[in-house]
Amino acid sequence: MNYAASPVLAPHLPLWRSRLLLALIAGGFLVLAGRDVYLQGLNHDFLQQKGESRYSRVIEISATRGMITDRHGEALAISTPVKSVWAIPEEMQYSTQQRAKLAALLKMPPQEIDKRLSEATGFVYLKRQIPPEVAARVSALHIPGLFQNREYRRYYPDGEVMAQVLGFTGADDAGLDGIELAYQSTLAGKSGSRRVIKDRLGQIVEDTESIREAENGRDLTLSLDAKLQNLAFSQLKLAVDSSKAKAGSIVVLDAKTGEVLALANLPTYNPNNRSRLSGAQLRNRAITDSFEPGSTLKPFTIAVAIERGKVTPDTMIATAGGTLTIGPATIHDAHRFGDMTVAQVVQRSSNVGAAKIALSLPAEAMWDMFESVGFGNPPPLDFPGEASGRVRPYKTWRPIEQATMAYGNGISVSLLQLARAYTIFADDGELMPLSLLRVDAPVVGKQVISPATAHKLRAMLELVVQPGGTGPKARVVGYRVAGKTGTAHKEENGGYAKNKYIASFVGFAPASDPRLVIAVMLDEPSAGKYYGGEVAAPVFSAVMAGALRELNVPPDAPLTPLTLPPEGSEIGESD
């Protein structure tokens with residue numbers, strides 16, 4: 001065969017063809033090399049990110065919320081570890097059997113799980129705050145795309161006793177009410193994060209780096225005394241139940257420092273189980289609700305009159321007939337006593353006497369007193385929902401309004417405001433600051449009235465709890481007690497409800513050197529008795545007696561049994 005005759009079989013090809021082929025091959029290698037340099041050198045982060053997305057995760061490290069304790073270190077709110085189950089819908093793979101088991105463990109209908117997965121993209125929580133043992137059983141199902149986070153859930157050892165004071169946290173462990181909300185920035189801390197490597201089942205196989213350390217929240221020491229809180233709550237509950245009251249509140253203050261030692265409200269709720277809650281249960285009535293204080297306001301009007309030299313404790317006030325007509329309105333006393341001294345006006349709670357004293361004063365002088373003791377302004381606590389109460393500008397007062405304000409009508413206050421205001425009588429005329437946190441340094445109050453006037457009012461208030469006064473049921477064996485009863489018709493629909501009352505008592509002991517101020521309020525007592533001296537004073541007595549013993553306060557009166565007036569013979573204060 002002649003190979004040279006065939007151009008196809010010829011032993012020599014054209015030189016340009018071999019060079020072209022070589023150039024193409026070399027160009028291909030150059031492109032590959034360039035691409036390699038680009039990917040591994042210039043665009044390294046992109047590839048690394050894509051690779052790490054298959055196995056690397058950044059997980060959040062929850063900060064432990066600070067513990068809340070009472071003044072003696074007893075735990076009131078603590079954080080317990082729990083787990084939250086979440087999923088990446090695109091990675092979820094499970095059988096019908098696994099789906100049923102997962103739904104049973106999470107206590108959710110299987111259809112709800114399907115719905116959440118179908119509606120979410122990238123991330124979805126299936127269940128928050130489940131117990132660790134349940135989380136372990138969920139993990140044992142080995143469902144790809146299903147993950148867990150460690151979180152914390154708040155637990156309140158005292159339950160309903162401390163509920164409205166402490167408040168509660170939500171699913172994200174953030175404060176939603178009470179102390180938990182007021183001190184959120186202190187308690188919360190700051191979450192951290194770390195990078196980990198997970199396998200296809202979501203299990204962590206390696207901890208690669210810490211991105212940010214978690215900063216745990218700071219502990220908070222309250223002024224509350226857990227023992228006194230339980231005492232106050234139990235006695236308030238007995239009174240609300242026995243008087244069939246709609247609601248009730250009690251405040252216990254340290255007369256020397258203004259610290260809130262106890263604060264309880266009814267109705268209440270269990271913060272550890274909030275599945276059924278109503279607004280009435282959530283309200284911290286002692287701080288957030290205001291009411292007309294009735295006769296508990298009379299001592300402030302008397303104090304103004306004494307300070308201005310208008311009266312002395314022995315000045316006679318004409319109250320004959322027990323009525324006083326001002327324009328078209330008539331003020332009544334519950335009983336007709338004839339002429340009385342100023343001290344007896346307080347002891348027997350005469351509306352007519354208090355009104356006559358008020359009308360002898362400039363309206364501005366009374367307004368200054370109310371403003372000076374904190375009425376009309378929120379208490380200095382920064383507590384969520386603090387009520388400021390209502391005190392109208394004195395320039396708008398008519399004579400009848402000035403007269404009725406003398407005995408607590410036409411003005412509204414919160415129970416905490418009222419308790420604090422009484423510190424001027426317990427502390428030689430000084431108004432004490434309030435605190436829900438423990439105070440370790442000496443406290444200086446604001447001078448509102450002179451020490452001499454405070455001592456005179458203290459002596460008058462002692463007469464209230466003696467025979468012939470409106471509050472003998474407030475007495476405590478072994479201690480001198482001073483205080484004032486209050487009974488007021490309840491405001492309703494722009495007027496006053498005929499048969500609905502607010503009953504209250506505010507006082508302090510020992511009267512020789514006051515240690516505690518206690519204020520009690522019962523809303524709509526409906527078991528036949530409604531005077532403050534009948535339903536609120538006994539609560540004061542029981543709580544004050546237990547608290548003074550608990551604090552080892554020395555007695556200042558004989559330790560002889562008290563003789564109470566016969567049932568039904570008490571003097572009911574005017575309202």
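3J(HN,Hα) couplings calculated from phi for region 534-546 with the Karplus curve 6.51 cos²θ - 1.76 cosθ + 1.60 (θ = phi - 60°) are, in sequence order, 8, 10, 9, 4, x, 5, 4, 4, 5, 6, 5, 4, x Hz; Gly and Pro show x.
Straight-line reach from Lys115: taking Cα to Cα under 17 Å and skipping same-chain neighbours fewer than 8 places apart, the lysines in range are Lys101, Lys107, Lys127. Taking all protein chains as they are arranged and a probe of 1.4 Å, the heavy atoms of Thr563 leave approximately 110 Å² accessible to solvent.
What's the FRET efficiency of Thr96 with Arg128 using the Cβ-Cβ distance as r and R₀ = 22 Å, to the nearest 0.05?
Details: r = 25 Å, r/R0 = 1.15.
It comes out at approximately 0.30.
Using a simple spin-label model with pseudo-atoms 7 Å out from Cα toward Cβ, Lys246 and Val477 lie 3.7 nm apart.
Computing Kirkwood radius over Cα pairs in Å for the structure here picks out one of (1) 30.2; (2) 26.5; (3) 28.4, namely (3). The Arg549 and His332 beta-carbon pair, evaluated with R₀ = 41 Å, returns a calculated FRET efficiency of approximately 0.50. Karplus-derived 3J(HN,Hα) values for region 286-293, using 6.51 cos²θ - 1.76 cosθ + 1.60 with θ = phi - 60°, are 5, 10, 9, 9, 10, 8, 6, x Hz; glycine and proline are entered as x. Close amide H partners of Asp219, meaning residues 5 or more places away or on another chain with modelled amide H under 5 Å apart, are Met67.
Positive-end ranking of Pro157, Phe168, Leu141 along the dipole of region 63-191, with charges on Cβ about the Cα centre, is headed by Leu141. Over the chain, Cα pairs under 8 Å with separation of 6+ residues give a relative contact order of 13 percent. Taking the DSSP bridge list for the chain and keeping only pairs wholly inside it, about 95 percent are antiparallel.
Cross-link partners of Lys237 among aspartates and glutamates, defined as those whose alpha carbon lies under 13 angstrom from its own and excluding same-chain residues fewer than eight positions apart: Glu160, Asp523.
So how strong a dipole does the chain carry about its Cα centre when Lys and Arg Cβ are +1 and Asp and Glu Cβ are -1, to the nearest 20 debye?
Working: 61 positive and 59 negative charges, 297 e Å.
Around 1420 debye, computed over the chain.
Think of a 1.4 Å ball rolled over the protein heavy atoms: the chain then has 46 Å² of accessible area per residue.
Given 0.36 nm per residue, what is the gain on full extension from Asp172 to Thr563 after removing their alpha carbon distance, in nm? If you can, show how the numbers build up before the last one.
Working: separation 391, 0.36 × 391 = 140.76 nm, distance 5.61 nm.
Result for the pair: 135.1 nm of gain on full extension.
Each residue of region 449-465 was assigned a 3J(HN,Hα) from its phi angle through the Karplus curve 6.51 cos²θ - 1.76 cosθ + 1.60 (θ = phi - 60°); the sequence is 10, 6, x, 4, 5, 4, 5, 5, 5, 4, 5, 5, 5, 5, 5, 4, 8 Hz, with glycine and proline shown as x. Taken about its Cα centre, region 63-191 carries a charge dipole of roughly 380 debye when the Cβ of each Lys and Arg holds +1 and the Cβ of each Asp and Glu holds -1.
Assuming R0 = 45 Å, what is the FRET efficiency of Ala320 and His72, from their Cβ-Cβ distance, to the nearest 0.05? Here the calculated transfer efficiency is 0.25. With a simple spin-label model that places each label point 7 Å from the Cα along the Cα-to-Cβ direction, the separation between Ala120 and Glu213 comes to 3.2 nm. By the helix-only formula, in which each DSSP H run with n ≥ 4 contributes -39500 (n - 2.57) and the sum is divided by residues, the chain has a 222 nm mean residue ellipticity of -9000 deg cm²/dmol.
The values are calculated or read from the model by the stated rules, or taken from the named source; none is laboratory data. Source: prediction; values computed, not measured. Please note: Cβ atoms are built from the backbone with ideal geometry, for glycine as well, and neighbour counts cover all protein chains shown. The protein model used for the area step is the full one, side chains on, heavy atoms only, and it has no ligands, DNA or RNA in it. Shrake-Rupley method; radii C 1.70, N 1.55, O 1.52, S 1.80 Å.
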